[in-house]
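The values are calculated or read from the model by the stated rules, or taken from the named source; none is laboratory data. It should be emphasised that the depicted structure is a prediction, and the values quoted were computed from it without experimental measurement. Here the Cβ is made from the backbone with ideal geometry for all residues, glycine too, and neighbour counts use every protein chain on show. When the accessible area is computed, the model is the full protein with side chains, heavy atoms only, and any ligands, DNA or RNA have been set aside. Shrake-Rupley method; radii C 1.70, N 1.55, O 1.52, S 1.80 Å.
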Amino acid sequence: MIVFVHGVPETASLWDKVRSHIDIESVALAMPGFGCPRPEGFGATKDDYAAWLLAEINNFAQPVDLVGHDWGAGLTYRVATQHGDRIRSWTADVANTAHPDYEWHDFARIWQTPGAGETFFADQAAATPEERAVIFEGFGVPHDDAVALASASDETMAACILDLYRSAAPNVYTHWKDGFGPTQAPGLVLWPTEDPFGEETKSREVAEMLGAKHHALDGLSHWWPLQAPTDTADVIAGFIASVA
């Protein structure tokens with residue numbers, strides 16, 4: 001069983017095309033507040049989401065193959081380093097965000113700033129999905145997928161994004177460094193070579209810290225599951241098949 005976890009600002013539908021090209025039973029989880037309700041009392045911090053993901057994984061009788069993108073990747077690294085017995089393998093991107101020396105990108109810094117983050121999402125809400133889609137298309141996302149991404153954003157998602165990023169300053173490693181080392185389950189770090197949010201050196205160093213394989217997705221950007229679902233599905237399936 002493959003368990004897919006999306007990131008920001010996305011919903012579980014991010015994985016639809018990749019899943020359709022993998023002949024393995026799978027499920028795509030929806031992070032609370034992302035295209036679904038935010039449970040009452042849910043803090044939407046990184047620790048809240050990590051606990052949520054672990055609880056979801058524990059619902060399966062057998063260890064799963066965990067695949068994460070963006071913040072879903074961050075949660076994957078947390079589960080892999082803390083609860084490796086509950087997964088059979090893991091695959092994740094943006095490993096640089098888990099590096100001890102990582103500095104957040106410009107969008108994250110805005111979201112982490114009280115007032116500025118709220119203004120950012122208010123401005124986004126004032127634009128049409130087609131207008132917001134232009135940003136995603138700039139990252140190589142096909143037009144229809146870009147409009148779908150933009151259309152999924154709402155006030156609930158925006159509030160969760162603010163709470164999530166504000167819980168992760170100055171970086172994730174500062175909070176989650178305990179136990180950050182070689183994982184019990186085999187792992188694969190994906191590095192899309194054109195991802196402006198990625199850093200090759202830090203990505204490779206984190207892969208080495210975790211004892212994981214490192215694989216370049218040549219010519220792909222941040223939203224590789226939408227850019228090249230067939231090719232990336234083959235990479236994921238191939239790694240899972242290689243796990244003893």
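Could you tell me what a quarter of the Cα convex hull surface of region 102-152 works out to, in nm² with one decimal place? Provide the component values of the computation, followed by the final result.
Details: hull surface 16.2 nm².
Approximately 4.1 nm², given one-decimal rounding.
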Task: Surface accessible to a 1.4 Å probe, per residue, for the residues of region 154-244, Å² - done: 44 Å²
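I'd like the carbon and sulfur percentage of the solvent accessible area for region 2-81, probe radius 1.4 Å, heavy atoms only, ligands and nucleic acids excluded.
Working: 1390 of 2870 Å².
Of all accessible area on region 2-81, carbon and sulfur atoms account for 48 percent.
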- [ ] Report the paramagnetic label zone for V243: residues of region 10-40 whose backbone N is under 12 Å from a point 7 Å from Cα along the Cα-to-Cβ axis.
- [x] none
Open item on the list: What is the angle, in °, between the Cα long axis of helix 116-126 and the longest principal axis of the Cα atoms in the chain? Nearest 10 is fine, range 0 to 90.
Closed with: 70 degrees
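Going from the alpha-carbon gyration tensor of region 1-105, what semi-axes, largest first and in whole Å, does one get by taking the root of 5 times each eigenvalue? Before the final figure, lay out the partial values.
Working: eigenvalues 74, 56, 47 Å².
For region 1-105, the ellipsoid semi-axes come out as 19, 17, 15 Å.
Which value, in debye to the nearest 20, gives the size of the charge dipole of region 175-244 about its Cα centre, when Lys and Arg are +1 and Asp and Glu are -1 at the Cβ?
Numbers: 4 positive and 10 negative charges, 51 e Å.
In total the dipole reaches around 240 debye.
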TODO: Starting at the first residue of region 80-85, write each ³J(HN,Hα) from the Karplus equation 6.51 cos²θ - 1.76 cosθ + 1.60 with θ = phi - 60°, in whole Hz, x for Gly and Pro.
DONE: 5, 8, 10, 9, x, 6
Task: Taking the chain and dividing mean pair separation by its residue count, relative contact order in percent (alpha carbons under 8 Å, at least six apart) - done: 25 percent
Open item on the list: Using only Cα atoms and rounding to the nearest 10 degrees, what angle (0 to 90) does helix 155-166 make with the longest principal axis of the chain?
Closed with: 60 degrees
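Stretched out fully, how many nm does the piece from E200 to A126 gain, at 0.36 nm a residue minus the Cα gap? Could the numbers behind the result be given before it?
On the way: separation 74, 0.36 × 74 = 26.64 nm, distance 3.57 nm.
Value of the extension gain: 23.1 nm.
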Task: Residues T156 and A55, FRET efficiency given R0 of 22 Å [Cβ-Cβ distance, rounded to 0.05] - done: 0.65
Open item on the list: Tell me the Rg and the Dmax, in Å, that the Cα atoms of region 77-211 produce.
Closed with: 16.7, 46
Task: Simple label model, 7 Å out from Cα along Cβ direction - H175 to R109, nm - done: 2.0 nm
TODO: Using amide H atoms built 1.01 Å from N in the peptide plane, name the residues 5+ places from L220, or on other chains, whose amide H lies under 5 Å from its own.
DONE: T193, E194
Task: Relative frequency of Cα-Cα separations exceeding 32 Å in the chain, percent - done: 13 percent
- [ ] Relative to the longest principal axis of the C-alpha atoms of the chain, give the angle of the C-alpha long axis of helix 229-242, reported between 0 and 90° and rounded to the nearest 10°.
- [x] 30 degrees
